[in-house]
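As structure tokens, the structure follows; a few thoughts come after it.
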Amino acid sequence: MVKGLLFIAVCGLLFVTGCVSRSETLYVQLGGQAKIDEVVKNFVREIEFNNEILPFFADTNIDRFTEKFAQQLCVFADGPCDYTGDSMEQVHGGMHITEAQFNLTVDLFITAMDKANVPHRLQNQLISRMTFTRKQMLYK
Amino acid sequence: MRCIKLVGIILLFVSSMAVAGDGKLIGTAGLNTIEGSGGGGIVPWATLSGYDTRDQISASAFITQVSLPDYRLNVIGANISLFDRAEFSVARQVFGLTSLGGEITQSIYGAKVRLYGDVIYSDWPQISIGLQYKDLEDTAVAQLLGSDDTKGTDFYVAATKVHLGVVAGYNLVWNVSGRLTKANQLGLLGFGGATNDDYELMLEASAGVLFSRHFAAGMEYRQKPDNLGVGEDDWIDVFITYIPSKRVNFTMAWADLGSIAGVPAQKGLYLSVGGQLW
Ligand code: HEM
């Protein structure tokens, strides 16, 4: 009984911590467009060196991908951008991306952020805004 | 011996398959509980114990020791996880009565099925149901204390969710499980007893924060029945886990297991090493 209450108290504490929010946008906290561009550049590099993911990009115009992906990250981070690319369904449809390939791509993206020195806590927040795209592309 | 053979068969079976499971994100396979099922340490979670995705399979093994003032629990176990859908586990517990002398051995066979969701990506928590069939080999102490049975099955349902970036930017994981059980101290002291001989619903829960991709810390709570009328207490622990890679994890915890078989204040160190073999 006492142990149960103790557990609930700790959870309550976590919940309260979770409610403390910052007023700056994630975009500003990340370091603006310069940081996003650095992450995208690193991400393209990671894809280039990954034998499992690279084949997906065999016919891709990398300049376009770089531009559109950076725009999208900017939008996800509440930055001052518009996304002018195609919908996630249009882009990834027909690729039959598996769950493991999706997670591997997330891993590459995390490595790209690590190499751009994006703090762990900001990484999590950015990823949390990207996860909804998964159901738009998995096994499609 | 039976347990070792089973582990051998599982490993053979698994190594003959082609797709090794490493497709989940690091940390999201969780750990192995002292009853063998994938989870936290003392609470089974909805997560399956390997890094397999729906196209993959995996096998893991673990050893755990809990050192208490008057007892010592040693557990060795293994499990396979198939297509992120089903998990089968075996665990062998040796409960040393370090003050009294002697030991109690129990085998636990577990199965778990994921019914819904993905711990990270689905809107609602991942939900699994499972069972643990427990077969007590050294029955003398259980009988002495008046327990009704030396075999028993626990049934549980678990809900687990990771929330990305919600605790000051850190990822939060929580789990709630409901367990129907007759087991006294996991079953080491038998099943049912003079005070109660029916299944009871017990609540169990875990909460943790992932401080990096490789470190997590948290707390677990496990409600317990008192079928024998010897004042069996709820359990609680605080843990830190180090996950250097998808291959291996290390957990250190401080566990307060309360009164065990009438001996009060059993608190001590919980150490566990788990690894994915395939
Ligand atoms: C969080 C997950 C993902 C997001 C947010 C995302 C976003 C994007 C964006 C914005 C584009 C550019 C769209 C355009 O050109 O109009 C794109 C293109 C592309 N993505 Fe993704 N993507 C994700 C995951 C993946 C995964 C897992 C794969 C493959 C394993 C993949 C493969 C591709 C390929 C090959 C292209 C280029 C398509 C082309 O050549 O036209 N993406 N993605």
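The values are calculated or read from the model by the stated rules, or taken from the named source; none is laboratory data. Here the structure is a predicted model, which is why all the values come from computation and not from measurement. Methodologically, a virtual Cβ is constructed for each residue, glycine included, from the backbone with ideal geometry; neighbour enumeration extends over all protein chains shown.
Worth pointing out:
- The listed residue being touching a strand residue (DSSP E or B) at 6+ places or on another chain (Cβ under 7 Å) and either at pLDDT below 95 or in a loop (DSSP other than H, G, I, E, B) (or both), out of A:5, A:14: A:14
- The one condition in (1) loosely packed, with under 15 Cβ neighbours inside 10 Å; (2) more than 10 Å from the ligand (Cβ to nearest atom) that residue A:36 fails to fulfil: (1)
- Filtered residues of the stretch A:89-105 (kept if within 14 Å of chain B (Cβ to nearest Cβ) and crowded, with 16+ Cβ neighbours inside 10 Å): A:97, A:98, A:99, A:100, A:101, A:102, A:103, A:104, A:105
- Scanning the stretch A:61-80 for residues that are within 12 Å of the ligand (Cβ to nearest atom) and surrounded by 13 or more Cβ atoms within 10 Å (Cβ to Cβ) returns A:65, A:66, A:67, A:68, A:69, A:70, A:71, A:72, A:73, A:74, A:75, A:76.
- Every residue from the stretch A:43-85 that is over 16 Å from the mean Cα position of the chain (by Cα), among the β-branched types (Val, Ile, Thr) and assigned to a helix (DSSP H, G or I): A:62
- Any hit, the stretch B:223-235, residues being in a strand (DSSP E or B), modelled with pLDDT of 95 or more and either on the phi > 0 side of the Ramachandran plot or away from every other protein chain (no Cβ under 13 Å) (or both): no
- Single match in A:10, A:2 (criterion: more than 16 Å from the ligand (Cβ to nearest atom) and surrounded by fewer than 11 Cβ atoms within 10 Å (Cβ to Cβ)): A:2
- If you go through the stretch B:93-127 and keep only what is on the phi > 0 side of the Ramachandran plot and within 14 Å of another protein chain (Cβ to nearest Cβ), you end up with just B:117.
- Any hit, the stretch A:117-135, residues being surrounded by fewer than 14 Cβ atoms within 10 Å (Cβ to Cβ) and near the ligand (Cβ under 10 Å from one of its atoms): yes
- The one condition in (1) modelled with pLDDT of 95 or more; (2) within 13 Å of another protein chain (Cβ to nearest Cβ); (3) assigned to a strand (DSSP E or B) that residue B:180 fails to fulfil: (2)
- Filter pass, residue B:205 being touching a helix residue (DSSP H, G or I) at 6+ places or on another chain (Cβ under 9 Å) and touching a residue at least 40 places away in the same chain (Cβ under 8 Å): yes
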